[in-house]
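The values are calculated or read from the model by the stated rules, or taken from the named source; none is laboratory data. Worth saying up front: this structure is predicted, and the values here are computed from it rather than measured. When we count neighbours, we look across all protein chains shown, and the Cβ atoms used for this are built from the backbone with ideal geometry, even at glycine. With ligands, DNA and RNA removed, areas are computed over all heavy atoms of the protein, side chains included. Shrake-Rupley method; radii C 1.70, N 1.55, O 1.52, S 1.80 Å.
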Amino acid sequence: MKKLTSVLLALALCAALAGCANGASSASGSASGSASGSEAQSASASASASQAESDSAEAAETPADWGLSDGLSEDGTYEGVDVLEYVTLPEDYAAIPVPAENCTASDEEVQEQVDTILANYAEAEHLTDVAVEDGDTVNIDYVGSVDGEEFDGGSTNGAGTDVVAGAANYIDDFLTQIIGHKPGETFDVNVTFPDPYENNPDLAGKDAVFETTINYVHGETITPELTDEFVAENLKEANGWSTVDEMRAEIAEALATSKKSDYVWSYVLDNAEVSEIPQAVTDYENTHMLASYRANASMYGISFEDMLTMMGYDSEDALIEASADTIAEQARQGMVFQAVSVREGMEITKDDVLDYFAASAGMTEDMYDQMAEVYGEPYLKLMTRVYLAQEFLLEHSVEG
């Protein structure tokens, strides 16, 4: 699929609108840290570092600092660049012929989507009348103590956690000792913490007792039967489906639209000629790419600099250099879709922006001024311009 991802930074808008939170992952790391080995140690350290880095990154910059509207004109086009001087669109761009097979979805394709949806509702049986065997996935609770005193992070707090019997990712032979026990049993698991133990140096080398309860053993995964009742109960609120027939019909329509879109957008990109990519366009796409990475760093609660380090780059310039081919392709795609919008005389209005971002990022009219201040109206219009160009190509295509 070669289309320009017009929602590349709708991700950033979503983050700004919804806010970023990493408390849940931090809590999860803490809960398993006392009973797990190196995996838990790294999780706990990562959670603490992540929070500190998040606070630092938040103080250092915001999306308003990303420069997403720098290098753009007020109408959302590349500043100082007449794309029609560089882009020759295919003669049939306003009536792209689409083969019949790219306009419909097969029964097999629909069923694949249905199966994927049902898989999301599949649940494993909770077996309560069998003994734990090596390799079983088991739900347990535990409370850890050293010399009779419970210690922080050494308990599941009754929430239950899934483990694999006999696995080595918990300290000592913790998960071997649960083999042979049955759901409902409560017993002691005796272990010795490793020395050194970076996750909690105070526990290094100490003997510990974990009062452990087997809740249940995971059995066979059961996929629900697809019935009108299942669809109405589970899929109506999110998708508006009340029956299996409605579900299949809308999935088929969505798949057909997706296949047609892929074909149309790939067709115009493959058949358009771009004589040159002006430096101004490359510069903007450099900024756009860096902003997408900054958005991802923000969502994961780490600083952009640390993200660069994890990716193996020592500077922004190094990332840009390594991404030169990708940036050139994004620039080419951006110019082609912008050329469609300019050729068709599209003037992007506030209503156009609201319609697009309401669907892609949940923007409301009350949020518009805030988002325009943070990202700049030119950026919002650029994304909307690309989207409307793609929709024009799709709507004016001709089914074969």
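Structure above, values below:
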item	result
Calculated SAXS-style log₁₀ I(q)/I(0) at q = 0.24 Å⁻¹ - segment 80-138, Debye, Cα scatterers	-1.03
Packing-based ranking, highest mean first, of 123-136, 68-81, 343-356 given that Cβ atoms within 10 Å are counted	68-81, 343-356, 123-136
Segment 134-159 versus segment 92-118: alpha-carbon centroid distance in Å	50 Å
Alpha-carbon Rg/Rh ratio, for segment 216-356, with Rh computed the Kirkwood way	1.12
Sorted largest first, extent of segment 183-247 alpha carbons per principal axis (Å)	62, 29, 16
Fraction of accessible area attributable to carbon and sulfur, segment 111-190 (%, probe 1.4 Å)	40 percent
Full-stretch length increase - D207, D369 - with 0.36 nm per residue and alpha-carbon distance subtracted	52.3 nm
Heavy-atom accessible surface of segment 256-400: percent carbon and sulfur, 1.4 Å	45 percent
Per residue accessible area in Å² of segment 309-354, where ligands, DNA and RNA are left out and the probe is 1.4 Å	53 Å²
Evaluated over segment 218-273, the Cα radius of gyration and Dmax, each in Å	17.6, 58
Virtual spin-label span in nm between A280 and R343, 7 Å along Cα→Cβ	2.1 nm
Burial order of peptide ranges 213-226, 299-312 (average beta-carbon count within 10 Å, highest first)	299-312, 213-226
Reachable aspartates and glutamates from K381, criterion Cα separation under 12 angstrom, eight or more residues apart if same chain	E74, D75, E347, D351, D352, D355
For segment 219-271 versus segment 320-369, the gap between their alpha-carbon centres in whole angstrom	27 Å
For F151, residues with placed amide H under 5 Å, excluding near neighbours	G144, V146
Accessible area per residue in Å² at 1.4 Å probe, computed on segment 127-184	51 Å²
Translational D in µm²/s for segment 112-184 (Stokes-Einstein at 20 °C, 1.002 mPa s, Kirkwood Rh from C-alpha pairs)	148 µm²/s
Ellipsoid semi-axes in whole angstrom, largest first, where each is sqrt(5λ) of the Cα gyration tensor of segment 246-324	34, 23, 9
For segment 279-400: Kirkwood Rh in Å [reciprocal of mean 1/r, alpha carbons]	16.3 Å
Segment 209-296, accessible area per residue, ligands and nucleic acids excluded (1.4 Å, Å²)	50 Å²
Segment 195-305: relative contact order as a whole-number percent, Cα under 8 Å and 6+ apart	9 percent
